[in-house]
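Input: a single structure, listed below in C-alpha cells.
The values are calculated or read from the model by the stated rules, or taken from the named source; none is laboratory data. Being a predicted model, the structure only gives us computed values, none of them experimental. Reconstructed Cβ throughout: ideal geometry from the backbone, glycine too, with neighbour counts over all protein chains shown.
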There are 2 protein chains.
Amino acid sequence: MTLPFTVQAKAGSARQARIHTAHGDVETPAFMPVGTSGSVKAVPQDILEDLGAGGLGAQIILSNTYHLYLRPGHELVRNLGGLHKFMSWDRALLTDSGGFQVFSLSELRKVSEEGVSFRSHLDGTSHLFTPERSMEIQIALGADIVMAFDECTEHPAEKERTRQSMELTLRWAKRSKEYFEKHKDECSWGTSGDREIGGSGDRESEGSPEPPKLLEIAVIGGKNHSEQRPTTPALFGIVQGGMYADLRRESAERTIEIGFPGYAIGGLSVGESREKTMEMIAATLEILPKDKPRYVMGVGYPEEIVQYAAMGVDMMDCVLPTRAARHGLLFTSEGRMNIKNARYAQDQLPPDPKCNCRVCGRYTRAYLRHLFVSQEPLAAVLNTIHNLAFYLDTMRSVRHAIELGDLSGMLRGSVSLA
Amino acid sequence: MTLPFTVQAKAGSARQARIHTAHGDVETPAFMPVGTSGSVKAVPQDILEDLGAGGLGAQIILSNTYHLYLRPGHELVRNLGGLHKFMSWDRALLTDSGGFQVFSLSELRKVSEEGVSFRSHLDGTSHLFTPERSMEIQIALGADIVMAFDECTEHPAEKERTRQSMELTLRWAKRSKEYFEKHKDECSWGTSGDREIGGSGDRESEGSPEPPKLLEIAVIGGKNHSEQRPTTPALFGIVQGGMYADLRRESAERTIEIGFPGYAIGGLSVGESREKTMEMIAATLEILPKDKPRYVMGVGYPEEIVQYAAMGVDMMDCVLPTRAARHGLLFTSEGRMNIKNARYAQDQLPPDPKCNCRVCGRYTRAYLRHLFVSQEPLAAVLNTIHNLAFYLDTMRSVRHAIELGDLSGMLRGSVSLA
C-alpha cells in the first residue's frame, strides 16, 4: 500500500490508528480543519501546529482544489514547490477533488461523461474539470492524500438518477486512478523531487521516468516510521449512492474492486436527516476494508463526529468549527454558545472553563463578545482557535477512550456537546 | 513624580530611557501600537508580547477613550476590573483623551467652553465630553498613562483662532488635572484595589479616601523597580499651538506651569508638511523638561519616528503600521512594499529578508500576496505582525544606537526606509 495505516487499539467498531504520511503521522480518528484557499481562515500556521491539549496540534489539514485552481492556480503552486511549501505547512495535507465545489455551483455547472464544465464564481470564466484534470491539479498541489473526482448526487434524488450518478462516479474513479498512477511521481516532494519542476521544456515529468518504488509494508507499532513513509501522494476512492443503502453498498464494493489505499464516503450532509446520514455511513462501513483509512467527508457537529468515530470512521472534515467561529458561534463542553448574546457582556468566565486552549486560558466571554460586536478582526482569530482546539480535543478524547477500550462515556458525554 | 523615568544613555538630543509603570517597564524611545477598541487589530495579545527581535515585544500599547466609551462602555470595563484585565494585557497601557477622535468627527461635533458635544458614529446618539468626563472615563479604564482633554486645532488655522484654541486647551488642561488629582486613586489596580469598584452604593470612591502615597523617587539604573512603581495612573499634558512655533513654545511653557509627569505634543500629522511637523516638534522640545517623557502623538512613517527619536522624543504612536497592513502595505528594510502587486506572485523571499519576525521567518511574499488577493483573514494577521515587528525593531535599533552614542547611522539608514 502507498499509505501505511497501523491500527493500534480498538473499542467496538472504533479504532485508534495512525496514518504514516510523508509529512508526519496522523493519529486517528482525526478531525481535519479546512484550509480552503491554502489557509485555515484567520489562524497562523504555528498556532495550528500547537492547537489543543497536549500540544499535538493539527496533524493534517484539508485544502480545496477548486479554490486553489482558480487562485493562485495550481501551476503557480507547483512552480513554487507545491502546496506544503507554498503555505509553509510541513505536516500532512489532503485536497478534495473539486467535485463537491463545482456541485455547489449548481446553475453555473454542466455535467457530462467527460467531466463538469463550470463557470468560476470569481470572474465567470469557463472551465472544465475531468477526472484527469482533477488528478493533474491535485498532483501539482502535491497533497499527501488526494481524492478521486466524483459526482456528489443532489438531494433528494430518485433511485434511478442516483444509480446513474453512482455509475458515473465509478467510471470517473477508474479514470482518476489510471491518470493518478501514471503521474503521481510528478509531485514536487517525491523521490524525484530534485527534478526541475515547472521549469523549461525539458521537464522530465513529460517523459516517463521510472516511478519511485512504493512502500508496501505497514508496520505495527508507534516507532519512527520515516523509513516507511510514502514517496508519492495516495489516492482515495469515494463512495456515493445517495440515500439508498443498497446503492451505497454496491458503490463501496465496486470502488474497492478498483482498489485504493483509503476510502471516503461522500455525498452526505447535503440536507438529509442525521438518522439518514448515520444509516448511510453504517451501510458503507459494513463493506469498507478494516485495514484502510475510512473518511466521511463534510461532517459535522462535535457530537456527530464522536458518533461516527465510534462507528469506525477514521477521518472527518468540516467547515463548521471555522465558519461558525466567524459568526460568533463557539462550541464548548457545555454546548453551543452564541458569543454575541448580551448575557455574556459582563461574563468573566472563559468561553469554556473546561478547555485548555490558549483562548480559554487568557480571555473572557465578555472580551470575546466585545471583539465580535465591535467587528474586531481578532474576534475571528480567537473564536476559530478555540473552536478548532475544541474539535481536536474532542478527537483526542475519542482516541484516548478507544485506547481504554470503552467509548460509551464519550458517546453519553457527547450528547451534552449539542 | 508619579511616573519614574530614568535616562540611561544619551546621543545628541536623543535619550534612551525607561518609564517604570505599574505594569512593567517601557524602554524608550518607544513606538506604541494602537489598539483602538481594546485590541490591536488582528493580533492576539500573546503575539504582541513576543513581537520583534529579542522577544521584548510591545511593552506599551495605546487604546482610544472615544471608542471604548461608546463600546463596550467605560462603566462596564470598570466593573470588569479595568482595561488591563478586560483585554488581558498586563503590560503598560495608555489611553488618549477622546479629544482627537471627536475632532475627527468634524460635522458631528460642537465645541464650547464646557467641552465637546458630539454624535456617536455608531448610532447617532448625543454625547458630551468635558475635561472632567474624559478623566472619569480614563480613570475607569485604568490605563497607566492617561491624557489631558485637549482641542486638536484644525489645519490650516489663522493665528488668532489657533491662539484661542490653545488657550482653551490650557484651561481644559487645568480642569483635567484638578479632576484627575481628586479621582486618580479610583482606578481599579491602585493600592485601594481591594475596594469593591462598580459595586453597590457604598463605593468608597464616592467618599474621600486617603489618596495612596505617591512615589516621588526616580531611581537611576536598570534594576528591578517594582518597589518604586506608581500606584495610580499618570496624567500627561498636551501641547497645542497649531503650526506657529511661538504658540507652541508658549503652550509648552504654560502647560509645564500646570505641571505634569509627562508631556505630549498634539495637533500634528493633520495635513501639514513634514518639515512643518519637525519645526513644531523642535520648537516644543526646546521648552519641555528633559527629565520627563516627551510624546509626539500620531506619528509616523519609520523614517520619521527615527528622526523624532533623534530629536529627543521618547514616545510615539500611530495607526500606520496596523492600518497599512490591512491594506497590504508592508514596511521593510528595503522600503515600502505593496504586497498585492503582481510582481510578488511567485516571489519566494520573505517580506523582508533582514527581518527576524515570525512572519518573515516562515512565509513568502508569494503566499502573503495570495492571502491578500484572496481576502483571507490571515492576511491582516500576518501583515500586521510583520509591520509592528518592523516598527518595534526600528525603535530597538534606535535605542541601541543611543547606547552606543551615535544615531547618525540610523538617520542615514532611515532614509532607505521610505
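Couple of notes before you dig in:
- Tallying residues that are outside any helix (DSSP H, G or I) and either surrounded by fewer than 23 Cβ atoms within 10 Å (Cβ to Cβ) or touching a Leu at 6+ places or on another chain (Cβ under 7 Å) (or both) within the stretch B:264-287 yields 5.
- Subset of the stretch B:13-39 [within 13 Å of another protein chain (Cβ to nearest Cβ) and assigned to a strand (DSSP E or B)]: B:Val34
- Helices (runs of 4 or more DSSP H) fully within the stretch B:66-110 that include at least 3 residues being without any contact (Cβ under 8 Å) to a residue 40 or more places away in the chain and more than 10 Å from chain A (Cβ to nearest Cβ): B:99-104.
- Just one of the numbered conditions (1) away from chain A (no Cβ under 14 Å); (2) of a type in the set (A, V, I, L, M); (3) outside any helix (DSSP H, G or I) is not true of B:Val398: (3).
- Any hit, the stretch B:164-171, residues being assigned to a helix (DSSP H, G or I) and modelled with pLDDT under 50: no
- Flag for A:Asn383 being more than 10 Å from chain B (Cβ to nearest Cβ), touching a His at 6+ places or on another chain (Cβ under 9 Å) and either among the charged types (D, E, K, R) or surrounded by fewer than 19 Cβ atoms within 10 Å (Cβ to Cβ) (or both): no
- Complete set of residues in the stretch A:317-357 that are away from chain B (no Cβ under 14 Å), aliphatic (A, V, I, L, M) and part of a helix (DSSP H, G or I): A:Leu320, A:Ala324
- Candidates A:Pro261, A:Pro230, filtered to the one that is assigned to a loop (DSSP other than H, G, I, E, B), within 16 Å of the chain's Cα centre (by Cα) and either buried (at least 19 other Cβ atoms within 10 Å of the Cβ) or on the phi < 0 side of the Ramachandran plot (or both): A:Pro261
- Selected residue [of a type in the set (Asp, Glu) and crowded, with 24+ Cβ neighbours inside 10 Å] from B:Asp347, B:Asp406, B:Asp393, B:Asp314: B:Asp314
- Just one of (1) closer than 18 Å to B:Gly142 by Cβ; (2) buried (at least 22 other Cβ atoms within 10 Å of the Cβ); (3) touching a residue at least 40 places away in the same chain (Cβ under 8 Å); (4) within 14 Å of chain A (Cβ to nearest Cβ) fails for B:Ala42. It is (1).
- Only one entry of A:Ser408, A:Ser374 meets the criterion of being within 14 Å of chain B (Cβ to nearest Cβ) and not aliphatic (A, V, I, L, M), and that entry is A:Ser374.
- Residue in the stretch A:121-144 that is of a type in the set (Ser, Thr, Tyr) and either within 14 Å of chain B (Cβ to nearest Cβ) or within 24 Å of B:Gln346 (Cβ to Cβ) (or both) present: yes
- The residue of the stretch A:358-369 that is farthest from the other protein chains (Cβ to nearest Cβ), among those that are in a helix (DSSP H, G or I) and under 21 Å from B:Glu49 (Cα atoms), is A:Leu368.
- The residues of the stretch B:233-258 that are surrounded by 23 or more Cβ atoms within 10 Å (Cβ to Cβ) and among the charged types (D, E, K, R) amount to a single one, B:Arg248.
- Test: residue in the stretch A:96-112 that is more than 28 Å from A:Pro44 (Cα to Cα), buried (at least 24 other Cβ atoms within 10 Å of the Cβ) and not β-branched (Val, Ile, Thr): no
- Count of the stretch A:290-316 residues which are over 19 Å from A:Gln8 (Cα atoms) and in a loop (DSSP other than H, G, I, E, B): 5
- The residues of the stretch B:227-271 that are among the hydrophobic types (A, V, I, L, M, F, W, C) and without any contact (Cβ under 8 Å) to a residue 60 or more places away in the chain, listed by number, are B:Val239, B:Ala245, B:Ala252, B:Ile256, B:Ile265, B:Leu268.
- B:Ser117 falls short of the stated requirement of being of a type in the set (S, T, N, Q), outside any strand (DSSP E or B) and in contact with a strand residue (DSSP E or B) (Cβ under 9 Å, 6 or more places away or on another chain).
- Test: B:Glu304 is within 14 Å of chain A (Cβ to nearest Cβ), surrounded by 21 or more Cβ atoms within 10 Å (Cβ to Cβ) and of a type in the set (D, E, K, R): no
- All conditions in (1) modelled with pLDDT under 95; (2) touching a Pro at 6+ places or on another chain (Cβ under 9 Å) hold for B:Tyr263, with the sole exception of (1).
- Residue within the stretch B:143-157 that is modelled with pLDDT of 95 or more and part of a helix (DSSP H, G or I) present: no
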